[in-house]
Amino acid sequence: MAELLLKDFIVLDLATALQVVLLGFIGGVLSGFIGSGGAFFMTPGMMNLGVPGVIAVGSNITHKFGKAMVGSKKHGELGNVDRKLGLCLIAVSFIGIRIAVWINSFLFGIEDAHGSGKGAAADLYISMVFVIILSVVGASMLRDVLRTTRSDQGGPSRKLAEALARLRLKPEIYFPVADVRVSVWILIAVGLATGYLAGTIGVGGFIGVPAMIYLIGVPTAVATGTELFLAMFMGAFGALNYVLEGYVDIRLTMLLYLGSLLGIYIGAYGTKVVKEVVIRLVTSLIILLCVISRAIAVPMYLRQLGWLAIDPKWDGFLNAASKLMLMLAGISGVLVILFNVVRAFRRQVVLHRRLAALAVDEDALDGRG
Amino acid sequence: MGLVCISRGSYSRGKELAESFAAKLGWECLGREELIERATDAGIAVGRLEMAVVKRRQFSEALVLEKEHYQAFVTKELCERAIRGNLVYHGRAGAMLLRGVSHILRIRVVEDLESRLLRVSERLGLSRDKARQYIDELEGDLHRWMRTFYNIDWDGYTNFDLVVNLESMSVDGVATALCSYAQLPSFQETPAVTAALENHLLAARARIALARDQATYRVRFKVTALNREVSVAYEPSDAGVAGEIERVVRTVEGVDAVRCTMASTNILWLEEQFSSEEPAFDDIVHVAQRWGAGVELLKLQAAEDGEPGEPREAEVRRVDPDLGASPADRGRQGGIEDDSGVETAGAGTYGGDDLQEVWGELARLGVAGGARQVEADPRELSRALDRSTPYSLVVVGDVFRSKGSAAKVRLKRELGAQLSEALRVPVVGVQELRERYISRGRELVRAACFGIIVALIYAAIFTHQKEILALLLPQTTVEKVAAVAGLLIFVPVVAFLYGKVTKTLLHLVGIE
């Protein structure tokens, strides 16, 4: 555990602050490129720097709220936001967030028999949820990519959504923008799951978007836009809850913005110049590497709780290995993206120069130069 | 040349009507089923497209390419047959592929639910409930098909010239009435329509050639044609095949010149009179180059009768596509302008054809995204636009030139609102383009101000860490309310201010 400045807030030296900015930048590039919030990288990254898990989640969810607000506005202008669906999900997701905050806060206060290990239970819990959920998401995405590459088949199937629709679980609500009729019970399940995960690990979109596509049958663009609309409110509500508990470190939020808002534009530019299949492949591999990174840290938390008998000096090694793996995932992903961005940018510059030279030659031939 | 497109719903006797109508006119009748068979024979996996729509699958890249190939194939078949003779086509929405081409009679056939239920029950031996479910599913599939392929609402009746309800009329009676309708001047052949169809045909043939070549079949292209010149736009991620495009398109009969543009998006530019000498030209090229966009030109020509009506694709006079030729040589090129009866307004540099001249200039600068001339009341324009093209910006130039200044301002504002609603992208005037997307001065000053505010905020936080963090550890209710309110206001404000600063900085280096 890093040195504390006040209650559970760590002391931020220049090196740590720069690492948080770097985390924000990498998370921002990945976020702009993948379309997710980037929390899957930033939350464990901050935990590796010694930030208690609950504060890492609280600070990140606050950071996510501001970003989602801007993104949601842009999607709204493109007609990709089903506000009615968003508001229905928000109402339920608040309950999910509240449950998540309560569990996190409760676990954060648990200490072992010797009065030490405070926060380890929450860290373990957050890490386990992270590993389980993102393993499923990363593996599914990788399978989708490989299937698409091999057989040229279409995207996600709507079989599950149609099967659920056929059950006709009353009452149902019609959503005009998404053009779907959905059972209230399915909405409750999706909203609760999305809110709970946003509140637990700061990752909501990874569940909300696939759930809207697969379970509700919403078109992909509308699912993404509506999720951002949802994320804006969930982020605000999550931030509200965490700040009431005293778990938002505003310094971390500000440092994340320094990197992420720069990275997000670069990542978004990357989507214009990289093929979709490559985007999905890079995304799934980064997620799976992040999962491995978090899994490496799990024995450390188990030891801190007295549930695993290993030498305490392994903590440093496990933490370093976890940090290294996370950085490896983030930096290699970002390098792939930046390489493509720079290559495309240079190609465009060369093309314009060549065309300009041609235009000058033609003008000279025409006697117009 | 005559072309009638009948859009039929499921079990609504549209096919019967089309066949009767074609027989009475003595025209060729082509059904969607025959077209699909021909497309399948040509190697297009129409079945996979249908299944993807029915199963509500998201289209993979491969399916998107298959969709483009199929649309090009249908366009080619319709244009070829229409140019060769007269055609009645019955299917889903074939006419949507020929948007902007006037003189196509587009009919939607509907019938009451009861009659359709009865027909389904009789033919398929289904109970009433099952028949209802069957029709609902078919209609749902049709809606999705229209949305996926043409980005239109199947129930949007403004997409058709006529909606015929067969509930209380006989097929024969309606077919007879339609024969009179088809004789109206609005649906008669003109050289302008033939030229527009030829442009569509050439673009479709070029797209098919690209879809069938080993080097280019995996790439998405936007192909347009204008008087034997073909413009091909491809995305930056596919720059590797750029060298192959001209080779492939040159193999298509009737292609005189090929223009390639690397573009990840499109800017639509509307004018009544184009000129590459105007400052607007430089501004739009500047923005297009920064964005990596292709510029699509749309020349508006007021309808001859001056009344609002259906947009018609007017003929554009032919000029020599050889950019090396002298302006004088270009001016001598004839084409079919003498037959058109449509005057091309103004006198541009190249034989009076301002549209072609500006298109040529854009091509030389690598940002040409197509060109069209539409004879229409600008207020009806949105109906002529291709809704499936991903535009990022619409620039409305000097239109409504014949109106007074106040009327011009009002009409332009209304046109902007209409286009914004139809395309869901920003619509700006030339002046606004400069102010919002080009003028660096004001943008830089604003970013600098925001940067200073952000720097002060960060300095305040990091020089008073303990005090700020203490505020975020509220104990009393008042403190809690203050902490929550402060955070929820402060965080988005910082995100907004710093976001503007980074955006401006990246604009400066050309990343946006």
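What are the residue pairs meeting all of these: first residue in the range B:410-426, first residue among the hydroxyl-bearing types (Ser, Thr, Tyr), second residue outside any helix (DSSP H, G or I) and open to solvent by 30 Å² or more (accessible area, probe 1.4 Å), Cβ atoms under 7 Å, and 6 or more apart or on different chains? Within 7 Å, the pairs are B:SER420/B:VAL427. For the range A:275-304, taking the residues that are touching a Ser or Thr at 6+ places or on another chain (Cβ under 6 Å) and β-branched (Val, Ile, Thr), the one that is nearest to B:TYR498 (Cα to Cα) is identified as A:VAL291. Counting only strands (runs of 3 or more DSSP E) that fall entirely inside the range B:153-244 and contain at least 2 residues that are over 25 Å from B:GLY2 (Cα atoms) and at pLDDT below 85, the qualifying elements are B:229-234.
Looking at B:LYS67, B:LYS24, B:LYS76, B:LYS15, just one residue is open to solvent by 10 Å² or more (accessible area, probe 1.4 Å), under 21 Å from the mean Cα position of the chain (by Cα), more than 14 Å from chain A (Cβ to nearest Cβ) and closer than 27 Å to B:ASP161 by Cβ, and that residue is B:LYS76.
Candidates in the range B:430-477 are the residues that are surrounded by 14 or more Cβ atoms within 10 Å (Cβ to Cβ), more than 10 Å from chain A (Cβ to nearest Cβ) and free of Cβ contacts under 8 Å to residues at least 12 places away in the same chain; of these, the one that is farthest from A:ILE250 (Cα to Cα) is B:GLU432. Surrounded by fewer than 18 Cβ atoms within 10 Å (Cβ to Cβ), away from every other protein chain (no Cβ under 14 Å) and either in a helix (DSSP H, G or I) or modelled with pLDDT under 75 (or both): is that true of A:GLY115 in this structure? So A:GLY115 passes the test. Return the residues of the range A:277-318 that are of a type in the set (Val, Ile, Thr), in a helix (DSSP H, G or I) and away from chain B (no Cβ under 14 Å); say none if nothing qualifies. Listed by number, the residues that qualify are A:THR283, A:ILE286, A:ILE287, A:VAL291, A:ILE292, A:ILE296, A:VAL298.
From the list B:PRO308, B:PRO279, exactly one residue is open to solvent by 50 Å² or more (accessible area, probe 1.4 Å), away from chain A (no Cβ under 14 Å) and modelled with pLDDT of 50 or more. Which is it? B:PRO279 is the lone residue from the list that is open to solvent by 50 Å² or more (accessible area, probe 1.4 Å), away from chain A (no Cβ under 14 Å) and modelled with pLDDT of 50 or more.
With respect to (1) open to solvent by 50 Å² or more (accessible area, probe 1.4 Å); (2) within 14 Å of chain A (Cβ to nearest Cβ); (3) among the small types (Gly, Ala, Ser), the lone exception for B:ALA62 is condition (1).
Condition (residue is touching a Gly at 6+ places or on another chain (Cβ under 6 Å) and aliphatic (A, V, I, L, M)) applied to the range B:100-109: is it met by at least one residue? Can you show your working first?
So in the range B:100-109, the residues touching a Gly at 6+ places or on another chain (Cβ under 6 Å) come out as B:109.
This time we only want the ones that are aliphatic (A, V, I, L, M), so: B:109.
Looking through the range B:100-109, at least one residue is touching a Gly at 6+ places or on another chain (Cβ under 6 Å) and aliphatic (A, V, I, L, M).
Flag: A:GLY195 does not match the condition of being within 30 Å of B:LEU488 (Cα to Cα), buried (at least 24 other Cβ atoms within 10 Å of the Cβ) and within 14 Å of chain B (Cβ to nearest Cβ). Within the range B:44-56, being without any contact (Cβ under 8 Å) to a residue 12 or more places away in the chain and outside any helix (DSSP H, G or I) holds for one residue alone: B:LYS55. For the range B:102-136, the set of residues classified as in a loop (DSSP other than H, G, I, E, B) and either in contact with a His (Cβ under 7 Å, 6 or more places away or on another chain) or within 18 Å of B:GLU16 (Cα to Cα) (or both) consists of B:GLU111, B:ASP112, listed by residue number.
Here is a list: B:ARG247, B:ARG259. Which entry is under 22 Å from A:VAL350 (Cβ atoms), among the charged types (D, E, K, R) and outside any helix (DSSP H, G or I)?
Values: B:ARG247 fails: outside any helix (DSSP H, G or I).
When all the criteria are applied, what remains is B:ARG259.
Based on this model, can you work out whether B:LYS500 counts as assigned to a helix (DSSP H, G or I), among the charged types (D, E, K, R) and closer than 28 Å to A:PHE233 by Cα? In short, yes. For A:ALA239, state whether it is part of a helix (DSSP H, G or I), among the aliphatic types (A, V, I, L, M), touching a helix residue (DSSP H, G or I) at 6+ places or on another chain (Cβ under 9 Å) and under 30 Å from B:GLY486 (Cβ atoms). Yes: the conditions hold for A:ALA239. Among the residues of the range B:207-227, those that are within 22 Å of B:LEU268 (Cα to Cα) and away from chain A (no Cβ under 14 Å) comprise B:ARG207, B:PHE221, B:LYS222, B:VAL223, B:THR224, B:ALA225, B:LEU226, B:ASN227. Among residues of the range B:497-512 being of a type in the set (A, V, I, L, M, F, W, C) and either closer than 28 Å to A:THR16 by Cα or at the interface with chain A (Cβ under 8 Å from one of its Cβ atoms) (or both), the one that is most open to solvent (accessible area, probe 1.4 Å) is B:LEU505.
Looking only at residues of the range B:228-238 that are within 25 Å of A:ARG346 (Cβ to Cβ) and open to solvent by 20 Å² or more (accessible area, probe 1.4 Å), we find that the one that is nearest to the other protein chains (Cβ to nearest Cβ) is B:SER237.
Quick check on the range B:265-276: of everything there that is at pLDDT below 85 and part of a strand (DSSP E or B), which residue is farthest from B:LYS408 (Cα to Cα)? Looking at the filtered set, the residue picked out is B:THR265.
Of the residues screened, A:ILE61 is one that is within 14 Å of another protein chain (Cβ to nearest Cβ), within 30 Å of A:ILE186 (Cα to Cα), at pLDDT 85 or above and crowded, with 23+ Cβ neighbours inside 10 Å. If you go through the range B:194-210 and keep only what is open to solvent by less than 20 Å² (accessible area, probe 1.4 Å), within 16 Å of B:ARG250 (Cβ to Cβ) and not charged (D, E, K, R), you end up with B:LEU202, B:ALA203, B:ALA206, B:ILE208, B:LEU210.
Residues B:VAL427, B:VAL494: which one is within 10 Å of chain A (Cβ to nearest Cβ), buried (at least 17 other Cβ atoms within 10 Å of the Cβ) and not small (Gly, Ala, Ser)?
Working: B:VAL427 fails: within 10 Å of chain A (Cβ to nearest Cβ).
Result: B:VAL494 is the single residue among B:VAL427, B:VAL494 that is within 10 Å of chain A (Cβ to nearest Cβ), buried (at least 17 other Cβ atoms within 10 Å of the Cβ) and not small (Gly, Ala, Ser).
The number of residues in the range A:299-317 that are open to solvent by less than 20 Å² (accessible area, probe 1.4 Å) and within 23 Å of A:GLY138 (Cα to Cα) comes to 0.
On inspection, A:VAL278 does not qualify as touching a Pro at 6+ places or on another chain (Cβ under 7 Å), farther than 30 Å from A:ASP8 by Cβ and at pLDDT 75 or above.
The values are calculated or read from the model by the stated rules, or taken from the named source; none is laboratory data. The shown structure was predicted, so the numbers you read here are calculated from the model rather than taken from an experiment. Neighbour counts are summed over all protein chains in view; Cβ atoms, including those assigned to glycine, are modelled from backbone coordinates with ideal geometry. With ligands, DNA and RNA removed, areas are computed over all heavy atoms of the protein, side chains included. Shrake-Rupley method; radii C 1.70, N 1.55, O 1.52, S 1.80 Å.
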